[in-house]
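Report on the structure given below.
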Amino acid sequence: MEFVVLLRGINVGGIRIRMADLRTALGGAGYTDVRTVLASGNVRLTATTTDPAVVRADVEGVLRSSFGYDAWVVVVTVGQLTEVVENYPWQTDESVRHPYVVFSTDGASTAELATLGSSLDASVERCALGPHHVLYWEVIKGDTLGSVLGKASSRPSYKSTTTTRNLRTLRKILA
């Protein structure tokens, strides 16, 4: 089955992984058709299992042993990612606003972040829960890190369960 693996926190904050090395490590672990998209930890691969949780645990182990860091990933099937992208809830002028998707391994973190929705200034940002434990989030360009949801999602308690991708990146992964 074909999966998308989203690595959290690589090539920022001192954890540097060359995409060629990442492909080699995952290929050596038995995955096939391994390809990376951009240099920010986006991988498409094929596994013999159909269980994303098995892929997640295995890939995290491969990353820890191959690159020596406490790795966390989110794994979805290509079909699930397609559904997530197709259901983005807003028509967005991407020259003005960043369309993001926050992915969660357990759904609890995105559900918790979604509770902030009623307190958001809609002229700056908005959010909505989506399928497969995702939170759709849109924010004015330049306000991502200073926004309410931007600050909340960067809390250490979310480090092991969430990762965020721009909608453009997700489209590239699916292309």
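The values are calculated or read from the model by the stated rules, or taken from the named source; none is laboratory data. From a predicted model like this one, the values you see are computed outputs, not experimental measurements. Neighbour counts are summed over all protein chains in view; Cβ atoms, including those assigned to glycine, are modelled from backbone coordinates with ideal geometry.
Scan 46, 105, 92 and give me the residue that is among the hydroxyl-bearing types (Ser, Thr, Tyr) and out of contact with any helix residue (DSSP H, G or I) (no Cβ under 8 Å at 6 or more places or on another chain). Going through 46, 105, 92 in turn, just one is among the hydroxyl-bearing types (Ser, Thr, Tyr) and out of contact with any helix residue (DSSP H, G or I) (no Cβ under 8 Å at 6 or more places or on another chain): 46.
Check whether at least one residue in the stretch 37-53 is farther than 28 Å from residue 124 by Cβ, outside the structural domain of residue 157 (by TED's automatic domain parsing), in contact with a Leu (Cβ under 8 Å, 6 or more places away or on another chain) and surrounded by fewer than 20 Cβ atoms within 10 Å (Cβ to Cβ), and report yes or no. Steps first, please.
Of the residues in the stretch 37-53, the ones farther than 28 Å from residue 124 by Cβ are 37, 39, 43-53.
In the following step, the residues that additionally are outside the structural domain of residue 157 (by TED's automatic domain parsing) were identified as 37, 39, 43-53.
Those still in the list that are in contact with a Leu (Cβ under 8 Å, 6 or more places away or on another chain) too: 43, 45.
Retained after the next criterion (residues that are surrounded by fewer than 20 Cβ atoms within 10 Å (Cβ to Cβ)): none.
Looking for residues that are farther than 28 Å from residue 124 by Cβ, outside the structural domain of residue 157 (by TED's automatic domain parsing), in contact with a Leu (Cβ under 8 Å, 6 or more places away or on another chain) and surrounded by fewer than 20 Cβ atoms within 10 Å (Cβ to Cβ), one finds none in the stretch 37-53, hence no.
Table: residues versus (1) of a type outside the set (A, V, I, L, M); (2) closer than 18 Å to residue 162 by Cα.
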site	(1), (2)
33	yes, no
39	no, no
51	yes, no
57	no, yes
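One residue alone among 20, 53, 57, 25 is in a helix (DSSP H, G or I) and under 17 Å from residue 79 (Cα atoms), and that residue is 53.
Only residues that are closer than 16 Å to residue 145 by Cβ and in contact with a Ser or Thr (Cβ under 8 Å, 6 or more places away or on another chain): list them for the stretch 100-119, please. Let's see the steps before the verdict.
Of all residues in the stretch 100-119, those closer than 16 Å to residue 145 by Cβ come to 100, 102, 113, 116.
Result: 100, 102, 113.
Okay, residues lined up against (1) among the charged types (D, E, K, R); (2) buried (at least 17 other Cβ atoms within 10 Å of the Cβ); (3) outside any loop (DSSP other than H, G, I, E, B); (4) touching a Phe, Trp or Tyr at 6+ places or on another chain (Cβ under 9 Å):
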{"residue": "63", "(1), (2), (3), (4)": "no, yes, yes, yes"}
{"residue": "74", "(1), (2), (3), (4)": "no, yes, yes, yes"}
{"residue": "83", "(1), (2), (3), (4)": "yes, no, yes, no"}
{"residue": "92", "(1), (2), (3), (4)": "no, no, no, no"}
{"residue": "110", "(1), (2), (3), (4)": "no, yes, yes, yes"}
{"residue": "113", "(1), (2), (3), (4)": "no, yes, yes, yes"}
{"residue": "121", "(1), (2), (3), (4)": "yes, no, no, no"}
{"residue": "150", "(1), (2), (3), (4)": "no, yes, yes, yes"}
{"residue": "171", "(1), (2), (3), (4)": "yes, no, yes, no"}
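Summed over the stretch 73-104, the residues that are touching a His at 6+ places or on another chain (Cβ under 7 Å) and among the β-branched types (Val, Ile, Thr) give a count of 2. Only one entry in 143, 70 is touching a helix residue (DSSP H, G or I) at 6+ places or on another chain (Cβ under 8 Å), among the charged types (D, E, K, R), touching a residue at least 12 places away in the same chain (Cβ under 8 Å) and surrounded by fewer than 20 Cβ atoms within 10 Å (Cβ to Cβ), namely 143.
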